[in-house]
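J.: The structure is given below, and queries will be raised subsequently.
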Amino acid sequence: MKKNKLSYYHFHVPMSTRWIDLDAFGHVNNAIFASYIENARSTLFTKWNLPYLGKGKSLILASLSIDYLKQLKHPNEIIVGQKISRIGNTSFDIEASIYLSSDTNSPICNSNVVIVCFDFKTQKPIPVFKEVLEEFNS
């Protein structure tokens, strides 16, 4: 599978652009891409049945990088493809790309997110959750 195609990713989350996503230049604002990626990422947390309420043992975002490759216009249907690309002791990476539904061979952007498994009570990182490890190894 080629990395630049949607088929490279294990998880696909369809979405629609919104009028509010536009900036003064008439395309989807770059900051909104982070929201699309975040929304897709939350589906993984739900799939794994991991809490993300900011208490107990949960997950926090440590880093987000986005490489913008094309403009995105509204209205459009998009798909966020994502997969776990790295597992560490207390953190893991989620690689993601955004595609037009009409062109799943050429991404609009590529991103990488570093997630830390975290205990909000002790305020310290904890080992990667078994659900994430199982997903990575499947």
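The values are calculated or read from the model by the stated rules, or taken from the named source; none is laboratory data. Given the structure is predicted, the values throughout are model-derived calculations rather than measurements. Every residue, glycine among them, receives a Cβ derived from its backbone with ideal geometry; neighbour counts consider all protein chains shown.
J.: Residue by residue through region 10-28, note down the ones that are part of a loop (DSSP other than H, G, I, E, B) and at pLDDT below 95.
T.: First pass over region 10-28, keeping only residues part of a loop (DSSP other than H, G, I, E, B): 10, 17-18, 23-27.
Selection gives 10, 23, 24, 25, 26, 27.
J.: Something else now. Name the residues in region 35-65 that are in a loop (DSSP other than H, G, I, E, B) and among the hydrophobic types (A, V, I, L, M, F, W, C), would you? Walk me through how you get there before you give the answer.
T.: Step one: filter region 35-65 for residues in a loop (DSSP other than H, G, I, E, B), giving 48-56.
Once the filter is applied, which keeps residues that are in a loop (DSSP other than H, G, I, E, B) and among the hydrophobic types (A, V, I, L, M, F, W, C), region 35-65 yields 48, 50, 53.
J.: State which residue pairs qualify: first residue part of a loop (DSSP other than H, G, I, E, B) and inside region 100-114, second residue among the small types (Gly, Ala, Ser) in any location, beta carbons under 7 Å apart, and separation of 6 or more residues or different chains.
T.: Close Cβ pairs (under 7 Å, with a partner that is among the small types (Gly, Ala, Ser)) amount to 107/97.
J.: Also, I was wondering about something else. From 46, 17, which residue is free of Cβ contacts under 8 Å to residues at least 12 places away in the same chain and polar (S, T, N, Q)?
T.: On the way: 17 fails: free of Cβ contacts under 8 Å to residues at least 12 places away in the same chain.
Being free of Cβ contacts under 8 Å to residues at least 12 places away in the same chain and polar (S, T, N, Q) holds for just one of 46, 17, which is 46.
J.: Here's a follow-up. Got a number for residues in region 101-132 being out of contact with any Lys or Arg (no Cβ under 9 Å at 6 or more places or on another chain), over 18 Å from residue 42 (Cα atoms) and not β-branched (Val, Ile, Thr)?
T.: Number of matching residues: 7.
J.: Restricting to region 83-102, give me the number of residues that are surrounded by 13 or more Cβ atoms within 10 Å (Cβ to Cβ) and over 13 Å from residue 3 (Cβ atoms).
T.: Going through region 83-102, the residues surrounded by 13 or more Cβ atoms within 10 Å (Cβ to Cβ) turn out to be 83-85, 87-88, 90-101.
Subsequent filtering for residues that are over 13 Å from residue 3 (Cβ atoms) retains 84, 87-88, 90-94, 98, 100-101.
Residues meeting the conditions: 11.
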